[in-house]
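The values are calculated or read from the model by the stated rules, or taken from the named source; none is laboratory data. Small disclaimer: the values here were computed from a predicted structure and weren't measured. Heads up, the Cβs are rebuilt from the backbone with ideal geometry, glycines too, and the neighbour counts pull from every protein chain shown. Ligands, DNA and RNA are stripped out before the accessible areas are found, and what is left, the full protein with its side chains, is counted by its heavy atoms. Shrake-Rupley method; radii C 1.70, N 1.55, O 1.52, S 1.80 Å.
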Amino acid sequence: MSQIQFCSPTTLAATISIPGRFRSRPRLFYQIPLSRRYARIISADHTKQDFHSLAVADFDNDGDLDVYSGGGPLSPEVHKLFIWENADGKAGVWTQHVILEGKQCHEAKAADVDGDGDIDICTKPWSGSLHVYLRNMLTEDKKAPSR
């Protein structure tokens, strides 16, 4: 299970444990000092997901960074992929969006795959041959906010 949390207004803590048969391996713990005040946005306790990927990008084309993650093989509930939208542009208010259910997330990548100016997501399960391409349709649907 991986968990990212804000342990103080100026410190981000990430705890990552190795899933599956390597359960006995130690957790990796990182503390990252932050220059701004942030709110807790991703919680395995809240979502019941075994997070396996993290991508930070401007998924809604509004000029600020949003967060993507999804459930891996040890998620106790149905696998879900999320985007947390930076709703106020200052990382103080976050809106959680479930963008896909029933598919695992592992080693996801975020990039403008189709060259249309918005950020898409590619992911795959922990094992198996299924690869998922999530095409961001903001530009095509003309819903992208103007900067």
Keeping all protein chains in place, calculate the accessible area per residue for the stretch 48-147 (probe 1.4 angstrom), answer in Å². 52 Å²
What's the carbon and sulfur percent of the stretch 75-147's accessible surface, probe 1.4 angstrom, rounded to a whole number? 53 percent
So Lys90 and Asp64, fully extended at 0.36 nm per residue minus their Cα-Cα distance, gain in nm 8.6 nm
What ranking, highest mean first, results for peptides 69-77, 132-140 when packing means the other Cβ atoms within 10 Å averaged over each residue? 69-77, 132-140
